[in-house]
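Notes follow once the structure below has been shown.
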Amino acid sequence: MSSFLGVPVDAAYHLVAGLTGILTPVLGGLAAVAAIVVFTMAVRLLLMPLSLRALRGQAAQARLAPQLLALRQRYGKQPERLQREMTALYQREGASMFAGFGPLLLQWPFLSVMYLLFRSPSVGGTTNTLLTHDLFGVPLGAHWLSGAGAASAQGAVFLGLFVLLAGLCWLSARLGRLMAAQASAARPAKPAKSATPDKPATGAAASPGLLVRVLPYLTVVIAAFAPLAAGIYLLTTLAWSLAERMLYARKAGPLSAPAAVRAAGGSLRSGPA
């Protein structure tokens, strides 16, 4: 573990261990799991202003995507002119090309500390006792394919974790598409000149590729190679992120029917095309 993160990880360890001791008389063997969940939620609550700011930045990027695409099509062969036009667009709209990523980068050290805490076998030179606790008989320090393997009680616990993670990933990806469609619908762009009834314009409205569809499920892959404690942390933080997205989407207003149709890939159509 790097010395840069060693001190905050050690501090977080003592906080979670103390919380486990407080919850043990009430929850017994589930105290450590509850402590991981509570501590994760507390940290995410502190980071919530940054998360909501990142969501606003992502919504602005989605809203400006059609105009940015038009600029790239028009000035693609003039890099300097393209940069000036994009900068002017962001200034007019009061947005920034880094608005959706800056707040996320600021959160990264805090989330890295928490992830290291729940996957490190030792903290501060001593054994990480949090990983000696268990969930339904499975040690929090256990890995998916360790011990009895996938076809066991331990494998069943991990399978349940993977199913929950995959479900949250699917909901988060779908909500992200709906929010992007809502932001784009807030300021519809003029159709590209090359668009025809038989050949629609490509770009922001195009269907996402395979990589974009698979990428949201990367969390499941990470959990497959991490200890159970880290998987529980990932499940908690992913559920919190989804709740933040839902809260932001609710404040932004209901999604219009045309935008919902585009985001769902046309699945809401009731008649022939």
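The values are calculated or read from the model by the stated rules, or taken from the named source; none is laboratory data. Values in this document were obtained by computation on a predicted structure and should not be read as measured data. Note that each Cβ is placed from the backbone with ideal geometry, even for glycine, and that neighbours are counted across all protein chains shown. Accessible surface areas use protein heavy atoms only, side chains included; no ligands, DNA or RNA. Shrake-Rupley method; radii C 1.70, N 1.55, O 1.52, S 1.80 Å.
What are the extents of the Cα atoms of the range 1-130 along their three principal axes, in Å, largest first?
65, 31, 18
Express the accessible area of the range 26-75 per residue in Å², computed with a 1.4 Å probe while the remaining protein chains stay in the model.
Dividing the accessible area of the range 26-75 by its residue count gives 47 Å².
Using label points projected 7 Å from each Cα along Cα→Cβ, tell me how many nm separate residue 251 and residue 77, to one decimal.
4.6 nm
Using a Förster radius of 41 Å, what is the FRET efficiency between residue 136 and residue 108 based on their Cβ-Cβ separation? Nearest 0.05, please.
0.80
Which length gain, in nm to one decimal place, applies between residue 159 and residue 145 when the Cα-Cα distance is subtracted from 0.36 nm times their residue separation?
3.9 nm
How large a share of the accessible area of the range 1-102, in percent, is made up of carbon and sulfur atoms when the probe is 1.4 Å and the other protein chains stay in place?
Summing carbon and sulfur atoms, their accessible area is 66 percent of the total for the range 1-102.
Once both labels are modelled 7 Å past Cα along the beta-carbon direction, what's the residue 7-residue 46 spacing in nm?
It is 1.5 nm.
Work out how much length residue 87 to residue 126 would gain on full extension: take 0.36 nm times their residue separation and subtract the Cα-Cα distance, in nm to one decimal.
Here the answer is 8.9 nm.
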